[in-house]
Amino acid sequence: MPLTFYKKPALVAYVTCGDPDLATTREIVLAAIEAGAEVIELGVPFSDPVADGPVIQRASERALRHGTSLGQVLTLAAEIRQHAQSTGLIIFSYLNPILRMGMEKFCKVARAAGLDGALVTDLPVEEAGEYLRAMHEHELAPVFLAAPTSPDERLRMITEASRGFVYAVSRTGVTGARQQLADDARKLVRRLRRVTRLPIALGFGISTAEQFAEVGEFADAVVVGSAIVETIERNRGREAAAVGEFVRKLSAISRQSLRGGD
Amino acid sequence: MAALEELEREYEKAKRDRKFQVRLEELLRTYAGRPTPLFLARRLTEKLGGAKIYLKREDLLHTGAHKINNCLGQGLLVERMGKHRVIAETGAGQHGVATATVCALLGFECVVYMGTEDMRRQELNVFRMRLLGAEVRGVSSGSRTLKDAINEAMRDWVTNVRTTHYLLGSVLGAHPYPTMVRDFHRVIGREARAQILKAEGKLPAAIIACVGGGSNSIGIFYEFLKDKKVQLIGVEAGGRGEALGDHAARFRGGSPGVLQGTYSYVLQDSAGQIALTHSVSAGLDYPSIGPEHAALRDAGRAEYVPASDAEALEATTLLARTEGIIPALESAHAVAEVVKRAPRMKKSDIVIVNVSGRGDKDIGIMRENLKID
């Protein structure tokens, strides 16, 4: 199963697809995999990314300027899958582009492209009935976000609906790098462990090797998003190489280990 | 989600709390200026030569529009929840001004997000908010209008949710907002229904109101929903044309979708990206519409029609010169529809137009567009 974390912590890398263009995204993703990323989140740009900070907002605007669509991202996923058989691939999207394509069609095409799952940022688990049915039918893993403000009862709902892993949000707020990791993060992971045996990936605000190592002490995987997108923004013309170097620096810290085996 | 649930719980409690209701009623009466009059527009009626036209004068409220009804209601909820920081979005600036006003009244810190394009169009309201002690933060992403201001307010809210209340100004967003905001505006319809029965002894044939998110319209419609013979007409911004991007008529050019936590009709492209919108009136310039309006429309209970920028501007002059009332450009869209509809109606029919706000804030835009000086 590609949605398995072998290293501790495993690295989950996010990219906004189509920034600067789809061909470059493909190179960036393959470089990140080569450098040690175990799961790739393929971000679908959206006009109104309410859960994202300024870095991913800017990337989305750049990608949308030349009309990057969900359909194109799914085609890109199929291409990446041919070159990376054992890497976890999930779609990271807002709900509206998926609704527009149709939930059923989305799941069918995603499955055929070789994707493993999806994370829909603005779809709360309470409203996810139809989505969950379609995802299960097509054997795709739904991943949900768990926030520090979520009460235990909600954490239970989130973990019960999630497959593959649970995405724990390190603090309240939007995506983007932060200097310090909130205590919130550690507490949330502890609360999640009480209700689930799924691996836990922690994200939002992780940008340095030090933070990566720190999170690795209590979470199974670390999601790095805005820091990668910013690397892409700052390295025009050599995006893939720059992302490869950045990911290699982070994943050098990880140890080989079977999940739960340490 | 946790904050939405807290808000819902607190709101349900407040609804049943006699003290809360008494305090809100008192503020609406002594501070906001309720009840607002229902005014018979004799000269406009004569000029159009059809149905008898009444105006519900929400424009006479403190701060100049219906928005204060909801702000006072949510302001008292903020007090109950023990929060001290309030954020809001604003399009035309009316909701921002009403929020800044209530924050001054109740002693809260206030931050208002506003698209930079709207700040340019409504600079007077920007100054008013600052005078009232609010911080106005410009939003320069996307179309730089209401939609983008809501995005930014939502980002602030999820970051500071423990101390902050998001005072959403329309019947939009996630539950419980659409229901709660509607309830705070139901007073408009409650008054109008009693007033028209007292004045005429019968119900109106039609009620007309403009629809951006749809708060003033749902507020006046709601008490008449069961009166099946009363036609309910919402007027959307027809803008400058029918192409996507030139208007904000969600029922003409939109399709079902999700924006900012609401499943409703949305102006979008074939890939599900939200479209840009245009309207001369900042308060109607929004790509989605309150979900209850979508339900009323699909059930056939209410009808929605567009009025163009030009029609709204023309209606503004007409109302100013026949009745001495300068409506907000939003409300002028409702007036534009009565201009089309009243002549086709019987003289014995009554129509109520909700004048949701006054035109002072729009004087600059009117001056630019009307070229009468």
**Request:** Just grab the label-to-label distance for residue B:301 and residue A:65, each label 7 Å out from Cα along the Cβ direction, in nm (one decimal).
**Result:** 4.7 nm
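Based only on Cα atoms, what Rg/Rh ratio does chain B have, Rh being taken as Kirkwood's radius?
On the way: Rg = 19.1 Å, Rh = 20.3 Å.
That ratio is 0.94, to two decimals.
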**Item:** the stretch A:81-222: radius of gyration and largest Cα-Cα distance (Dmax), Å
**Value:** 15.4, 42
**Whole-Å distance, taken between Cα centres, linking the stretch A:159-176 and the stretch B:156-215** = 35 Å
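Seen from all sides and averaged, what is the projected area of the convex hull of the Cα atoms in chain A, in nm²? Walk me through the intermediate numbers first.
Working: hull surface 48.0 nm².
Projected area, direction-averaged: 12.0 nm².
Let me know the charge dipole size of the stretch B:306-358 about its Cα centre in debye, to the nearest 20, where only the beta-carbon of Lys, Arg (+1) and Asp, Glu (-1) is charged.
Details: 7 positive and 7 negative charges, 60 e Å.
I would put it at about 280 debye.
Strictly over 27 Å apart at the Cα level, which of B:13/B:147; B:347/B:371; B:226/B:346; B:83/B:361 would you flag in this model?
Values: B:13/B:147 31 Å; B:347/B:371 34 Å; B:226/B:346 23 Å; B:83/B:361 31 Å.
Result: B:13/B:147; B:347/B:371; B:83/B:361 exceed 27 Å.
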**Asked** Which lysines have a Cα lying under 25 Å from the Cα of residue A:249, excluding residues fewer than 8 positions away in the same chain?
**Response** A:7, A:8
**Item:** Globularity ratio of the stretch B:160-249, using Cα Rg and 2.2 N^0.38 Å
**Value:** 1.33
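Extension gain residue A:34-residue A:197, at 0.36 nm per residue separation less the Cα-Cα distance, in nm?
Working: separation 163, 0.36 × 163 = 58.68 nm, distance 2.87 nm.
Stretched fully, the residue A:34-residue A:197 segment lengthens by 55.8 nm.
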**Complete:** Over its alpha-carbon atoms, the stretch B:78-223 yields an Rg and a Dmax in Å of 16.7, 53
**Prompt:** Quick one: Cα centre-to-centre distance for the stretch B:95-119 and the stretch B:277-337, in angstrom?
**Reply:** 24 Å
**Request:** Give me the distance in nm between label points sitting 7 Å out from Cα along the Cα-to-Cβ direction at residue B:12 and residue B:26, one decimal.
**Result:** 2.8 nm
**Request:** Write down the percent of antiparallel bridges among all DSSP beta bridges whose residues are both part of the stretch B:1-150, to the nearest 5.
**Result:** 20 percent
**Request:** Give me the compactness ratio for the stretch B:261-315, meaning the Cα radius of gyration over 2.2 N^0.38 Å.
**Result:** 1.29
**Prompt:** Given labels modelled 7 Å from the Cα in the Cβ direction, how far is it in nm from residue A:210 to residue B:131?
**Reply:** 5.0 nm
**Complete:** As straight-line cross-link partners of residue B:15, the qualifying aspartates and glutamates (C-alpha separation under 16 Å, not fewer than 8 residues apart within one chain) are B:5, B:6, B:25, B:26, B:79, B:183
**Prompt:** How many Cβ atoms of partner chains, on average, are near each residue of A:89-100 if near means within 10 Å of its Cβ?
**Reply:** 4
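Using the beta-carbon distance between residue A:138 and residue B:163 and R0 = 51 Å, what value does 1/(1 + (r/R0)^6) give for FRET efficiency, to the nearest 0.05? Don't jump to the answer; show the numbers that get you there.
Working: r = 42 Å, r/R0 = 0.83.
Taking R0 as 51 Å, the efficiency between residue A:138 and residue B:163 is 0.75.
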**Complete:** Cysteines of the protein assembly as shown without any disulfide-compatible partner (other Cys Cβ under 4.7 Å) are A:17, A:107, B:71, B:210
**Complete:** Note, the stretch B:79-94: 3J(HN,Hα) by Karplus (6.51, -1.76, 1.60, θ = phi - 60°), whole Hz, Gly/Pro = x, goes 4, 4, 7, x, 8, 10, 10, 10, 10, 8, 9, 8, x, 6, x, 5
**Request:** Please work out the Cα convex hull volume for the stretch A:9-99 and give it in Å³ per residue.
**Result:** 99 Å³
**Message:** Just to be sure I follow: if Rg is taken over the C-alpha atoms of the stretch A:154-209 and Rh is the Kirkwood radius over the same atoms, what is Rg/Rh?
**Reply:** 0.98
**Asked** If you look at just the Cα atoms of the protein assembly as shown, how large are its Rg and its Dmax in Å?
**Response** 26.2, 86
**Message:** If packing is taken as the average number of other Cβ atoms within 10 Å across a peptide's residues, how do A:204-210, B:176-182 rank, most packed first?
**Reply:** B:176-182, A:204-210
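When the dipole is taken about the Cα centre of chain A, and only Lys, Arg (+1) and Asp, Glu (-1) are charged at their Cβ, what size is it in debye, to the nearest 20?
Numbers: 31 positive and 32 negative charges, 86 e Å.
Charge dipole of chain A: 420 debye, to the nearest 20.
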**Size-normalised alpha-carbon gyration radius of the stretch B:223-358, reference 2.2 N^0.38 Å** = 1.08
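The numbers here are math on the coordinates, done by the rules we state, and not lab data. For clarity, every value in this text was computed on a predicted model and none was experimentally measured. Positions of Cβ are generated from backbone atoms using ideal geometry, with glycine treated the same way; all protein chains shown enter the neighbour counts.
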